[in-house]
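The values are calculated or read from the model by the stated rules, or taken from the named source; none is laboratory data. Being a predicted model, the structure only gives us computed values, none of them experimental. Positions of Cβ are generated from backbone atoms using ideal geometry, with glycine treated the same way; all protein chains shown enter the neighbour counts. Please note that ligands, DNA and RNA were not included when accessible areas were found on the heavy atoms of the full protein model with its side chains. Shrake-Rupley method; radii C 1.70, N 1.55, O 1.52, S 1.80 Å.
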Amino acid sequence: MDQLSPQLATQRAVEAVWRIEAAKLIAGLTRMTRDVGLAEELASDALVVALQQWPASGIPTNPGAWLMQTAKRRAIDQFRRKKVMAEKAMPELTHEAELREQEAPDYDERLDDDVKDNVLSLIFTACHPILSADARAALTLRLVGGLTTAEIGRAYLVPEPTIQQRIVRAKKTLADAHVPFEVPRGDDRLERLGSVLEVLYLIFNEGYTATAGSDWLRVELCDEALRVGRILAQLAPDEPEVHGLVALMEIQASRSGARTARDGTPILLLDQDRSKWNQILIRRGLAGLDTALKLDGGRGPYTLQAAIAACHARARRADETDWNRIAALYDELSIVTPSPIVELNRAVAHTMAHGPEAGLRLLEPIMDIPQLRNYHLLPSVRGDFLARLGRHDEARAEFARAAEMTQNERERELLLRRAAGRA
């Protein structure tokens, strides 16, 4: 295998650092500037400088601190040139010297609220009710999840230009309204909680199964969503869906070590070595699910999904999975949160519980839904059902169609192997 050139190796290292540090960097800069759009620009400028300098100077010992200091210096230069310090809502930083004196970034700087976490403040700011629900999700996934507009579009099954417009308008709306950078209290917090949970769920899912790129897993996204979720559970201990979402993420994250082979090839759930599942995370997830169920009069979508994940976690072997219960839980979920994706997963559960004919019947109503027209998992799932019925030619055609749709290289390789009858 050819070795990477030093320049390319450094570039990839810079990109890896960016994926880990970007959310904290943008959050810290938003706290300073009170403008999420400007913060993202400054962070991007710092990344450009890193790409220019690090190949020659080497990667710093604390690359996150280096990026923050570079972004701060550019902020100072920009404020000096344009004399917009007051207009850009930096009332607490009235002198350039105050910025100059700040050392390496302290991501737990003094806050105006009861939570010392800039990323959580960024999420709540981006989920302000002044924005539409779609705009909140798109902006938060962009700023915190680091997803591209194309990835967000695939997550929501909408065109990329639509996502781009939502993000641009959302940044302008927040800036024009001078929305405070904070974790709100009381009723204001509860009002935004649903949106915050939604974006955490999407960020985790993007980490758990990346929609694009060469990696099946993006562990840093899963870790960040789980970390923030745990903070939320402390902030809102009486909210069952917070505990339900955290429980779901804990249980799903427990499988990370078993989901890929050494070469990065995906290993599907039923083929995983369950001895590699993280039992500490499973116990935490089951405890969180128990808390959610005790709090909840009804059962919300995250709690129901956590209950489904718990069925897998409790099965010591794949053939011990209680598929009848999982199918019943998906039936309930389809009533609580009806969506084409839920119906797709419900069809899988019914196939495992009652046979592939049952799954195919459930797929029929969603086969022509426009949202799923380019969604690769629909033909992939249908291909699996057909293969179980021995209709192998039809199955291979579906796997090939799914391979053409997916943007994830690892997933494409898996689907092409199935299309060729090798998996």
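Here are some notes:
- Euclidean distance of C-alpha centroids, the stretch 124-197 and the stretch 360-423, integer Å: 32 Å
- R0 of 22 Å, Cβ-Cβ distance K172-A150: FRET efficiency to nearest 0.05: 0.55
- Of the residues A400, L200, I251, the one whose Cα sits farthest toward the positive end of the charge dipole of the chain, with +1 on the Cβ of Lys and Arg and -1 on the Cβ of Asp and Glu, is A400.
- Projected over all directions and averaged, the alpha-carbon convex hull of the stretch 262-375 occupies 8.7 nm².
- Projecting label points 7 angstrom from Cα along Cα→Cβ for E409 and H392 puts them 3.1 nm apart.
- Helix content alone sets the calculated 222 nm mean residue ellipticity of the chain: runs of n ≥ 4 DSSP H residues at -39500 (n - 2.57) each, divided across all residues, give -21500 deg cm²/dmol.
- For the stretch 133-145, backbone phi angles converted through the Karplus equation (6.51, -1.76, 1.60; θ = phi - 60°) give residue-by-residue couplings of 4, 5, 5, 4, 5, 4, 5, 5, 5, 6, 7, 9, x Hz, Gly and Pro being listed as x.
- In order along the stretch 59-66, the phi-based Karplus estimate (6.51 cos²θ - 1.76 cosθ + 1.60, θ = phi - 60°) of 3J(HN,Hα) comes to 6, x, 4, 10, x, x, 5, 4 Hz; Gly and Pro are listed as x.
- Descending semi-axes in whole angstrom, ellipsoid equivalent of the stretch 232-296, from the Cα gyration tensor: 28, 10, 9
- The average projected area of the stretch 182-245, computed from the convex hull of its Cα atoms over all directions, is 4.6 nm².
- Simple label model, 7 Å out from Cα along Cβ direction - A420 to A400, nm: 1.3 nm
- If the segment from V48 to H354 were pulled out straight at 0.36 nm per residue, it would be longer than the present Cα-Cα gap by 104.7 nm.
- The gain in end-to-end length when the D319 to I335 segment is fully stretched comes to 3.0 nm, 0.36 nm per residue minus the alpha carbon separation.
- Estimated Rh, the stretch 294-356: Kirkwood, alpha-carbon pairs, angstrom: 12.0 Å
- Fraction of accessible area attributable to carbon and sulfur, the stretch 250-330 (%, probe 1.4 Å): 47 percent
- When the Cα positions of N345, I280, P370 are compared along the charge dipole of the stretch 260-380, I280 comes out farthest toward the positive end, with charges on each C-beta of Lys, Arg, Asp and Glu.
- With the simple spin-label model, which puts each label point 7 Å out from Cα in the Cβ direction, the A328 to L8 separation comes to 5.6 nm.
- The stretch 244-290 - charge dipole about Cα centre, Lys and Arg +1 at Cβ, Asp and Glu -1, debye rounded to 20: 100 debye
- Read-out Kirkwood radius over Cα pairs in Å, derived from the coordinates shown; its label in (1) 23.1; (2) 24.0; (3) 33.9: (1)
- Dipole magnitude (debye, nearest 20) for the chain, charges at Cβ of Lys, Arg, Asp, Glu: 680 debye
- Charge dipole (debye, nearest 20) of the stretch 281-423; +1 at Cβ of Lys and Arg, -1 at Cβ of Asp and Glu: 460 debye
- Here the calculated FRET efficiency for R19 and A261, from their Cβ-Cβ distance with R0 = 30 Å, stands at 0.85, rounded to the nearest 0.05.
- Each of Q11, I231, M68 was scored by the projection of its Cα onto the charge dipole of the chain, and the greatest displacement toward the positive side belongs to Q11; charges sit on the C-beta of Lys, Arg, Asp and Glu.
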